[in-house]
Amino acid sequence: MRFPTFPTLLRTLYTFSNYSSRVSTQYKALQPLTRGTVLKSMPTIPFLSSFFGTSSSSSSSNMSHPVQKTDDEWRAVLNKEQFRVLRQKGTEAPFVGKYDKHMPEEGVYTCAGCDAPLYKANHKFKSGCGWPAYFDNIPGAVTRHEDRTLGMSRTEIVCSNCGGHLGHVFKGEGYATPTDERHCVNSISMKFSPEDKVVDKTDSKV
């Protein structure tokens, strides 16, 4: 018996979760049910939808950031998919993001919502996870906090300047990087500028 590859499995889960989310929404519109009933009849759907869909339970929505906009103001500057990921904490499909296999030697990745610098090109590494991976961020650019969706505790990362959802950070996975961390970031949450230079003040000499 031949088992599917990891990329194929991730794409299948993503497709199924999106389909399940749409069917679940239509079903509830036709026949309103209590949350308990829906979870009992479709136990796998909430799990998959929360992984690849959107989440509104995160505490970051209550945090204060320098850049503040209403949802309507964000919709005016973001496309539909950017808004879903950055402002509604969605997740893009694996292995299809613009920056998944993007490996420049120089440049800076910035927030797609507010243009704040987030990661330097030399922070990026090949993880094979299906999303852009970074072992560190520009100091102060990323804010971490606990995310308890999926019935587990993870560490969500957001742009410190505008609060836009970037992804999650994982530690102790055994990657040969200086921090042994993997910032798993949605490509659509970022832009890339090959010309930008970030001065690391810790490396400067007086």
Of residues in segment 134-165 being within 13 Å of the chain's Cα centre (by Cα), surrounded by fewer than 19 Cβ atoms within 10 Å (Cβ to Cβ) and of a type in the set (D, E, K, R), the one nearest to P194 (Cα to Cα) = R144
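Select from segment 141-152 the residues that are farther than 23 Å from E73 by Cβ and in contact (Cβ under 8 Å) with a residue 24 or more places away in the chain and list them in ascending order.
Those that are farther than 23 Å from E73 by Cβ and in contact (Cβ under 8 Å) with a residue 24 or more places away in the chain: R144, H145, E146, D147, R148, T149, L150, G151.
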What is the one condition in (1) touching a residue at least 40 places away in the same chain (Cβ under 8 Å); (2) under 28 Å from E73 (Cα atoms); (3) open to solvent by less than 20 Å² (accessible area, probe 1.4 Å) that W131 does not satisfy?
-> (3)
Subset of segment 107-116 (residues that are among the aliphatic types (A, V, I, L, M), touching a residue at least 60 places away in the same chain (Cβ under 8 Å) and either open to solvent by 20 Å² or more (accessible area, probe 1.4 Å) or in a loop (DSSP other than H, G, I, E, B) (or both)) = A112
Residues (open to solvent by less than 10 Å² (accessible area, probe 1.4 Å) and assigned to a helix (DSSP H, G or I)) located in segment 182-192 = S187, S189
Of all residues in segment 106-127, which are under 14 Å from L86 (Cα atoms) and among the acidic types (D, E)?
-> D115
Every pair of residues 6+ apart whose Cβ atoms lie under 6 Å, when the first sits in segment 153-181 and is on the phi < 0 side of the Ramachandran plot and assigned to a strand (DSSP E or B) while the second is among the basic types (K, R) and open to solvent by less than 50 Å² (accessible area, probe 1.4 Å) = H165/K89; H168/R154; F170/R182
Taking segment 117-128 as the region of interest, how many residues are among the aliphatic types (A, V, I, L, M) and surrounded by fewer than 21 Cβ atoms within 10 Å (Cβ to Cβ)?
-> 1
State whether the residues of segment 87-106 include one that is farther than 22 Å from D196 by Cα, crowded, with 21+ Cβ neighbours inside 10 Å, touching a residue at least 40 places away in the same chain (Cβ under 8 Å) and hydroxyl-bearing (S, T, Y).
-> yes
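The values are calculated or read from the model by the stated rules, or taken from the named source; none is laboratory data. Please read all numbers here as calculations on a predicted model, not as lab measurements. All Cβ positions, even for glycine, are placed from backbone atoms using ideal geometry, and neighbour counts span all protein chains on display. The protein model used for the area step is the full one, side chains on, heavy atoms only, and it has no ligands, DNA or RNA in it. Shrake-Rupley method; radii C 1.70, N 1.55, O 1.52, S 1.80 Å.
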